[in-house]
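S.K.: Right, I'll just put the structure down here and ask away after.
Coordinate-derived values only; no laboratory data. Keep in mind it's a predicted model, so treat the numbers as computed, not measured. Every residue, glycine among them, receives a Cβ derived from its backbone with ideal geometry; neighbour counts consider all protein chains shown.
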Amino acid sequence: MKEKPGLKIRTAGACLLLCLVLFVVPPGVWAAPKPDGGVAVLVLHEVARETRGSPFVLPPAEFARLLDELRLLGCTFIDLDTFHAYLAGKKSVPPRAVLLTFDDGYAGVYAHAHPVLAEHGAPAVMFPVVKWFTIPPPEDAWPHLSTAQAREMLASGLWAFGSHTFDGHTRVAGTDGRTRAALTHPVRLADGSAETPGAYRLRVWRDIQQANTWFARQLGFVPEDFAAPHGELSGELHALLRLAGYKYVYVQGKRLNYPGASLIYRLSVTDVDRALRDLADLLGLTVSRPSTASR
């Protein structure tokens, strides 16, 4: 993360000018050629005692087992600053380096994952949906972090923060009738009309800046890392993020990450054993021993 003394908010007029000059780059071009090494980035969501049947919620014991198993695989947990330096070609990482990330910003991560991370000395990155710091989430939703909890996590030295949008973590009907992530394409408006390209870009730009404003005012920095909601990214969204100062955009994909990349691939953890098998395959390892769960 890069600290900044303040945040300069661009005006709507600047955004409209931006829209005139905005270039579109296919997301795939941001992957760099493979040198030796590589970093595996894992993405989790909530850690809670009650899963409510959601695959995105790990019980605390399962999360602890994940970290234990990763250690047994010979993995080393790295922090976000090390990852940035590695991507910039300024620092090497140990073999089987792993970066842990969490999406959405759930309070269970503070209550249950944070103590386990502290016990293991494992750093992690949180990508919260910023809107839920300012208004209460729906009653049926998992509880969200408070600003005080986010500050405490940051002060611990274990955590770094990136953005997961202000209010863009929804799926909506696109102008082509397909359901898409809200920030990737123009949408169908409530009156049935199609959102214009200019209105789409302005909407996305405002969302990016709302999140950045919160980070600057509440945590004292503007992040360089953005986790694309639902792992979906368009060329226009990527270009807007880059123009807003985001250097690294995180998507889903079973791939390692190498120096020079700005599109960061993450392996989703919804089942510990499956994630360990996928990671072992990604790292070229053979897992011949039983997991700790079956001992």
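S.K.: Could you list which residues have their amide H under 5 Å from that of SER268, counting only those 5 or more apart in sequence or on another chain, with H placed in the peptide plane?
M.R.: The list, which skips near neighbours in sequence, is VAL43, GLY253.
S.K.: Please list, ordered by chain and number, the residues whose modelled amide H lies under 5 Å from the amide H of PHE77; skip anything fewer than 5 residues away on the same chain.
M.R.: Excluding prolines and chain starts, which carry no amide H, the hits are VAL98.
S.K.: State, to one decimal in nm, how far the label point of HIS120 lies from the label point of GLU152, with both points 7 Å from Cα in the Cβ direction.
M.R.: Using points 7 Å along Cα→Cβ, the separation is 2.1 nm.
S.K.: Loop only per DSSP, at most 16 neighbouring Cβ atoms within 10 Å: give me the GluC sites (Glu not before Pro) in segment 50-95, ordered by residue number.
M.R.: Values: sites: GLU50, GLU62, GLU69; in loops: GLU50.
When the GluC sites (Glu not before Pro) of segment 50-95 are filtered for loop state and at most 16 Cβ neighbours within 10 Å, GLU50 remain.
S.K.: Taking amide H positions as placed 1.01 Å from N in the peptide plane, with prolines and chain starts having none, which residues 5 or more places from PHE102, or on another chain, fall under 5 Å of its amide H?
M.R.: LEU44, VAL125, MET126, PHE127
S.K.: For segment 38-284, what does the alpha-carbon gyration tensor say about shape, rounded, prolate or oblate, given a ≥ b ≥ c as the root eigenvalues, a/c under 1.5 as rounded, and a/b over b/c as prolate?
M.R.: On the way: a/c = 1.59, a/b = 1.41, b/c = 1.13.
Cα axes put segment 38-284 in the prolate bin.
S.K.: Extending each Cα 7 Å along its Cβ direction at THR170 and GLU50, get the distance between those two points in nm, one decimal.
M.R.: About 2.7 nm, to one decimal.
S.K.: Pairs of alpha-carbon atoms within less than 8 angstrom and 6+ residues apart define the contacts here; what relative contact order does segment 38-284 have, in percent?
M.R.: Working: 444 pairs, mean separation 53.9, N = 247.
Relative CO of segment 38-284 lands at 22 percent.
S.K.: May I ask you to list the GluC sites (Glu not before Pro) in segment 118-170 that are in a DSSP loop and have at most 11 other Cβ atoms within 10 Å of their Cβ? Please list the in-between numbers first.
M.R.: Details: sites: GLU119, GLU139, GLU152; in loops: GLU139.
Passing sites in segment 118-170 are GLU139.
S.K.: I would also like to ask the following. For segment 182-283, give the magnitude of the charge dipole about the Cα centre (Cβ charges: +1 Lys/Arg, -1 Asp/Glu; no others), in debye to the nearest 20. Each step should come with its number before you reach the end.
M.R.: Working: 12 positive and 11 negative charges, 43 e Å.
It comes to approximately 200 debye.
S.K.: A further question on this structure: Under a plain spin-label model, where a point goes 7 Å from the Cα along Cα-to-Cβ, how far apart in nm are ARG71 and THR196?
M.R.: 5.9 nm
S.K.: Follow-up question, since we're still on this one. Of all beta bridges DSSP finds with both residues in segment 38-284, what is the antiparallel percent, to the nearest 5?
M.R.: Values: 7 of 35 bridges.
Of all bridge pairs located within segment 38-284, approximately 20 percent are antiparallel.
S.K.: Further question: Let me spell out the model: positive unit charges on the Cβ of Lys and Arg, negative unit charges on the Cβ of Asp and Glu, origin at the Cα centre of segment 38-284. What dipole size does that give, in debye rounded to 20? Present the calculation step by step, with values, prior to reporting the outcome.
M.R.: On the way: 24 positive and 26 negative charges, 127 e Å.
The dipole of segment 38-284 has a size of about 620 debye.
S.K.: Under the 0.36 nm per residue contour assumption, what length would be gained going from the current alpha-carbon distance of LEU285 and THR134 to full extension?
M.R.: Numbers: separation 151, 0.36 × 151 = 54.36 nm, distance 4.42 nm.
This chain segment gains 49.9 nm when fully extended.
S.K.: Test of the criteria: in segment 47-129, which trypsin sites (Lys or Arg not before Pro) are in a DSSP loop and have at most 13 other Cβ atoms within 10 angstrom of their Cβ?
M.R.: Numbers: sites: ARG49, ARG52, ARG65, ARG71, LYS90, LYS91, ARG96; in loops: ARG49, ARG52, LYS90, LYS91, ARG96.
Here the sparse-neighbourhood loop sites are ARG49, ARG52, LYS90.
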